[in-house]
Amino acid sequence: MPKTINAAGVQLRPSRDSVKDTIFEALRLGKSAAEKEADVICFPEHWLPEKNIPAKMDPLPALQSLAEEYGVLIVGGAFYERIDGRLYLSSPLIGRDGELKGRQFKVHLFRREKKIAKPGKSHRMFQVNGYKLGILVCYDIDFPESSRSLALQGADLLFCPSRIVKYGIEPWHQYVTVRSLENRIPIVAPNVYSPPWFPGASVIVDLHEDPKTKISYSRASTLHNGQRTGLVFQDLDLAYHRRLRRERFSDRQPRAYGNLS
């Protein structure tokens with residue numbers, strides 16, 4: 001397992017009129033992240049214009065070319081895909097060779113999404129590049145069982161492609177921070193930028209240890225509202241978080257928790 005990886009979250013503005021222009025902008029920002037030596041790049045949820053439901057233009061080939069050209073792992077955000085005749089909110093994972101490694105379907109659909117798509121049935125674990133990762137699509141992170149189930153399966157890193165409205169930014173940041181703290185795991189959570197309702201504020205949260213007290217505290221790298229579209233970066237020490245997770249989980253008392261289902 002690599003000790004440290006450089007993760008990038010892409011804060012992208014969907015074009016109101018052009019799917020093609022939006023994909024072009026996604027590639028521009030993705031290339032910028034890759035040229036800054038990101039090991040993994042995550043796009044937000046619903047970064048394609050809604051006129052692309054169901055997909056009239058598939059962004060996957062462009063993302064696969066980007067991954068292969070730069071040798072970078074890509075979490076494709078989340079957008080509607082029709083798979084086996086059913087429409088899902090799908091988050092594709094693309095390997096450094098440009099090959100599709102799999103998809104995570106959004107499990108907890110939010111409001112009108114329930115009328116459009118089918119929910120995913122489980123949270124998948126992906127093993128790539130020597131470490132394990134899981135994907136929680138936006139609303140999935142509100143449910144503590146989702147991140148905990150992935151952490152218990154050995155996830156080293158979580159991605160949360162999101163589309164968060166302006167009045168939800170503060171609680172969203174709290175959700176991401178708490179999930180990181182309670183599971184001792186880094187979380188990469190990019191948001192769309194689409195004013196006036198979607199202000200961005202993409203965030204990456206990981207943990208650091210106070211050298212004196214040995215207490216772990218959260219650190220958030222945030223792309224603030226005034227920066228509009230752009231990238232948020234963080235070097236993530238996976239080995240350090242794995243140690244913290246092992247120590248914390250050794251104190252769990254599952255018999256005391258009852259039937260959580």
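Bear in mind that the values in this text are calculations on the coordinates, not laboratory data. This one's a predicted model, so the numbers in the text were calculated from it and none came from an experiment. Positions of Cβ are backbone-derived with ideal geometry, glycine not excepted, and every protein chain shown enters the neighbour counts.
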Quiz item: Considering amide H positions built from the backbone, and no H for Pro or chain starts, which residues 5 or more places from residue 78, or on another chain, come under 5 Å of its amide H?
Solution: 45, 46, 47
Quiz item: When 47, 172, 197 are ordered from fewest to most other Cβ atoms inside 10 Å of their Cβ, what list results?
Solution: 197, 172, 47
Quiz prompt | Eligible lysines near residue 31 by straight Cα distance, threshold 28 Å, same-chain separation 8 or greater | solution = 3, 20, 51, 56, 101, 106, 132, 166
Self-check item: Chain lengthening between residue 69 and residue 255 when straightened (0.36 nm per residue, less Cα-Cα)
Solution: 62.0 nm
Self-check item: Most mobile listed residue (130, 30, 98) in the chain, GNM with C-alpha springs under 10 Å
Solution: 130
Practice problem: Between residue 153 and residue 24, with labels modelled 7 Å along Cα→Cβ, what's the label distance in nm to one decimal, could you check? | Solution: 3.9 nm
Quiz prompt | About the Cα centre, charge dipole magnitude for the chain (Lys/Arg +1, Asp/Glu -1 at Cβ), debye | solution = 760 debye
Quiz item: Label points 7 Å out from Cα along the Cβ direction at residue 219 and residue 86: separation in nm?
Solution: 4.2 nm
Self-check item: Between segment 8-43 and segment 148-178, the alpha-carbon center distance in angstrom
Solution: 20 Å
Exercise. In a Gaussian network model over the chain where Cα atoms closer than 10 Å are linked, find which of 235, 210, 140 has the largest mean-square fluctuation.
Key: 210
Quiz prompt | Spatial separation of Cα centroids for segment 55-117 and segment 202-252, in angstrom | solution = 26 Å
Self-check item: Highest-MSF residue in the chain out of 199, 186, 61 [GNM, Cα springs under 10 Å]
Solution: 61
